[in-house]
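Taking it in order: structure first as structure tokens, then the write-up.
The values are calculated or read from the model by the stated rules, or taken from the named source; none is laboratory data. None of the values given here were measured: they were computed from a predicted structure. Here the Cβ is made from the backbone with ideal geometry for all residues, glycine too, and neighbour counts use every protein chain on show. Protein only, heavy atoms only, side chains kept; ligands, DNA and RNA dropped before computing areas. Shrake-Rupley method; radii C 1.70, N 1.55, O 1.52, S 1.80 Å.
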Amino acid sequence: MRDLSYYSVRMRASKSKPHEEGGKHISGGEQLVLFDEIRGAVDKLLHKSLTHSRGTPDFAQIQFEVVDEPVQVISPLQVTTHTTNSVDEGQLLAQNLLMKCGVPFPIIQKAYLLVEEYAELSGAILIDSKTGQRLDESYHNGKGIRVSRMDWRDENFKKWNREIAANQNNRLKEALTLASKVSMHQATVAELCWSDDPDYTTGYVASKKFGYQRITTLKQYGNEQGCRIFFVDSSEDVTKYIDYLKTNPVLIQWEVNHE
């Protein structure tokens, strides 16, 4: 009989050393799959680790484990694309969108200082949206929070892509999957992100209320410095919030009647 349990398949790749020893992050990824799909997921993630624009890794780890918790099914955030012609224009738009989400400008300024200070973190920085204080330093040795156990099944993503997104690629799939899981939690005020891939300048501001606001220029081409910041309502239980980000399994599912 076919095993209908889901499995979390995860990959991380680095150069010079493993991540925990200070190695340069090259690539990461994950999927939620059924048992007979594990091999295909491993092959896909291995290919991603070996062909990344940040370089060729000399350390990689791929692991899988059964998911015992019920899988939550949610809709993807609505996507809006803003075409910007310079980094200054894109960053100004991002800051305005964050303020629209309820993050005060002084807190945004504090957040941008942390981007410079913690440029090589392997996970997201969590910032109190009212005080600007970093909330995750006591977790994972201060290396940031990795959002895990999430996926968007290929057949459903392709259906959404045909109807809504006009042939966007897997970069958007992965980013929108993560942003949708993060924004779903009531503690998330907004997310600010741009990629550490040197050949990809697009980033986004995301929130449950305003959706996935995609901005085409948030850094210079060739820049390997990325950013992922979650602005958090600290009146919520931060420990439970981090546990949700790291362990709660979530699948994205789009249906026509959702739009």
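Here are the numbers:
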item	result
The chain, accessible area per residue, ligands and nucleic acids excluded (1.4 Å, Å²)	50
Kirkwood Rh, angstrom, the chain [1 / mean 1/r, Cα pairs]	18.8
Förster-model FRET efficiency, 22 Å R0, residue 116 and residue 233, C-beta, rounded to 0.05	0.30
Of all accessible heavy-atom area on the stretch 76-252, the percent that carbon and sulfur account for (1.4 Å)	47
Protein accessible area in the stretch 6-68, 1.4 Å probe - carbon and sulfur %	52
Additional length obtainable on full extension of the chain from residue 100 to residue 255, 0.36 nm per residue less Cα span	53.0 nm
Stretch gain in nm, segment residue 131-residue 53, where the contour uses 0.36 nm per residue and the Cα spacing is subtracted	24.4 nm
Kirkwood Rh and Cα Rg combined as Rg over Rh, evaluated for the stretch 118-189	1.07
3J(HN,Hα) from dihedral phi, the stretch 175-183, Karplus parametrisation 6.51/-1.76/1.60, rounded to Hz, x for glycine, proline	5, 5, 4, 5, 4, 5, 5, 4, 5
Per principal axis, descending, Cα span of the stretch 162-259 in whole Å	38, 36, 23
Candidate lysines for bridging to residue 181, where Cα separation is under 17 Å - those fewer than 8 sequence places away on the same chain excluded	173, 208, 209, 240, 246
Alpha-carbon Debye profile of the stretch 55-104, log10 I(q)/I(0) at 0.16 Å⁻¹	-0.84
Ranked by how many other beta carbons lie within 10 Å on average, peptides 51-63, 126-138 from highest	126-138, 51-63
For residue 118, solvent-accessible area (1.4 Å; no DNA, RNA or ligand), Å²	50
Interchain or long-range residues, amide H under 5 Å from residue 215's placed H	82, 203, 204, 205
Centroid-to-centroid separation of the stretch 209-259 and the stretch 116-161 [C-alpha atoms, Å]	7
Convex hull of Cα atoms in the stretch 6-68, direction-averaged projection (nm²)	4.1
